[in-house]
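S.K.: Encoded as structure tokens, here's the structure I'll be asking about.
The values are calculated or read from the model by the stated rules, or taken from the named source; none is laboratory data. As the structure is a prediction and not an experimental result, all values here were calculated from the model. Backbone-built Cβ (ideal geometry, glycine too); neighbour counts: all protein chains shown. Surface accessibility is based on the protein's heavy atoms, side chains included, excluding ligands, DNA and RNA. Shrake-Rupley method; radii C 1.70, N 1.55, O 1.52, S 1.80 Å.
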Amino acid sequence: MGVVLNPAQKILRRLQAADRFYQQQRSKELLLRMLSVGCLAIFLLMLLDVVFHFAAVSWLLLLAGYLGGAVLVVAGGIYLAAFYKARDEATARRLEVRDPSLGSTLINALQLQAQLDENKPAGLTRTLTEGAIETYGERLGDVAMERKLALPDLPKLRRRTLWGVLGFVVILMSFFSISKLEFLRFFDPYGDHPPYSFTQLSIVEPGSDGFRVIYGKSVLVKARWTGHAPNGLY
């Protein structure tokens, strides 16, 4: 046999369900934003490594920081969606701000029930207070609380994040030789994965006319480099 709820309990149940929906919306928003930030962070780390050639220790610290941040964000999203609960008054205020036509209906209902619980009046006072709460409940009967707390920008954010991730993948595939090497360096910092180099060599001497070489004698060839400085040339 089901439990019969009084009007105040019904309002409270609906408020809590609306709050849970709102926190799930916030969780989705957080995870979508952090997905975009995570892709951008990977791209910037790869770009900086191509330019500066991070050492293995640097990569290890960056990997630990990146994975630690990702774990914190995911844990925060799960906590928001499944465990966090806003105060009932805060949820009521949020709903009244979203829909001014509600006036102070929700807050009034909560305050009247709090007065009943605290003061425990009897007789006519209690009857009138309970009647007022019931009237508020009837007025709220057709109000779609969850829909009113939906984040309006969430669909747009979802599309923007999808396009951002697709763009990130396209960039990685367009420069696959570089991105593959950078992923190996990122996730296997102590492996045998030499950094990508922009080193370009050009011979200064001899020029286009060349010069004669005497058999058995040494010849000095001069070269110029650009990009990353080579440690040696053979």
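S.K.: Out of all the residues in the range 183-234, which are aliphatic (A, V, I, L, M) and touching a Ser or Thr at 6+ places or on another chain (Cβ under 7 Å)?
M.R.: 223
S.K.: Could you please find all residues in the range 17-67 being among the aromatic types (Phe, Trp, Tyr), part of a helix (DSSP H, G or I) and closer than 26 Å to residue 178 by Cα?
M.R.: The answer is 43, 52, 59, 66.
S.K.: Taking the stated definitions as given, is residue 71 under 17 Å from the mean Cα position of the chain (by Cα), free of Cβ contacts under 8 Å to residues at least 12 places away in the same chain and either open to solvent by 30 Å² or more (accessible area, probe 1.4 Å) or closer than 18 Å to residue 149 by Cβ (or both)?
M.R.: Against the criterion (under 17 Å from the mean Cα position of the chain (by Cα), free of Cβ contacts under 8 Å to residues at least 12 places away in the same chain and either open to solvent by 30 Å² or more (accessible area, probe 1.4 Å) or closer than 18 Å to residue 149 by Cβ (or both)), residue 71 qualifies.
S.K.: So which pairs qualify, if the first residue must be in the range 7-31 and under 24 Å from residue 109 (Cβ atoms) and free of Cβ contacts under 8 Å to residues at least 24 places away in the same chain, the second must be open to solvent by less than 60 Å² (accessible area, probe 1.4 Å) and outside any helix (DSSP H, G or I), the Cβ gap must be under 7 Å, and the two must be at least 6 apart or on different chains?
M.R.: 13/5
S.K.: A follow-up question, please. Filter the range 169-206 down to the residues that are aromatic (Phe, Trp, Tyr), under 22 Å from residue 41 (Cβ atoms) and either in a loop (DSSP other than H, G, I, E, B) or open to solvent by 50 Å² or more (accessible area, probe 1.4 Å) (or both) and list them by number.
M.R.: Within the range 169-206, 175, 176, 183, 187, 190, 196 meet the criteria.
S.K.: So in the range 37-65, with the set limited to residues that are closer than 22 Å to residue 157 by Cβ and touching a Phe, Trp or Tyr at 6+ places or on another chain (Cβ under 9 Å), which one is surrounded by the fewest Cβ atoms within 10 Å (Cβ to Cβ)?
M.R.: Going through the qualifying residues, I end up with 40.
S.K.: Let me ask something additional. Does the range 74-93 hold any residues that are open to solvent by 60 Å² or more (accessible area, probe 1.4 Å) and over 24 Å from the mean Cα position of the chain (by Cα), and which are they?
M.R.: 87, 89, 93, listed by residue number.
S.K.: Give the range 145-186 a look and list any residue that's at pLDDT 90 or above and among the small types (Gly, Ala, Ser), or say none.
M.R.: Correct list: 150, 164, 167, 174, 179.
S.K.: Residue under question is residue 158, and the condition is that it be basic (Lys, Arg) and open to solvent by less than 100 Å² (accessible area, probe 1.4 Å); does it hold?
M.R.: no
S.K.: Mind listing whichever residues of the range 118-133 are open to solvent by 90 Å² or more (accessible area, probe 1.4 Å) and either of a type in the set (D, E, K, R) or in contact (Cβ under 8 Å) with a residue 24 or more places away in the chain (or both)?
M.R.: Residues satisfying the conditions are 118, 120.
S.K.: Tell me which residues, restricted to the range 68-96, are of a type in the set (Gly, Ala, Ser), touching a helix residue (DSSP H, G or I) at 6+ places or on another chain (Cβ under 6 Å) and in a helix (DSSP H, G or I).
M.R.: Within the range 68-96, 77, 81, 92 meet the criteria.
S.K.: State which residue pairs qualify: first residue open to solvent by less than 20 Å² (accessible area, probe 1.4 Å) and inside the range 94-110, second residue among the hydroxyl-bearing types (Ser, Thr, Tyr) and in a helix (DSSP H, G or I) in any location, beta carbons under 6 Å apart, and separation of 6 or more residues or different chains.
M.R.: Correct list of pairs: 105/136; 109/136.
S.K.: While we're on this one: Which of the residues that make up the range 37-54 are closer than 22 Å to residue 162 by Cβ and among the aromatic types (Phe, Trp, Tyr)?
M.R.: If the condition is that a residue be closer than 22 Å to residue 162 by Cβ and among the aromatic types (Phe, Trp, Tyr), then 43 is the only one that fits.
S.K.: If I filter the range 207-234 down to residues being open to solvent by less than 90 Å² (accessible area, probe 1.4 Å) and at pLDDT below 80, which single residue comes out as nearest to residue 65 (Cα to Cα)?
M.R.: 228
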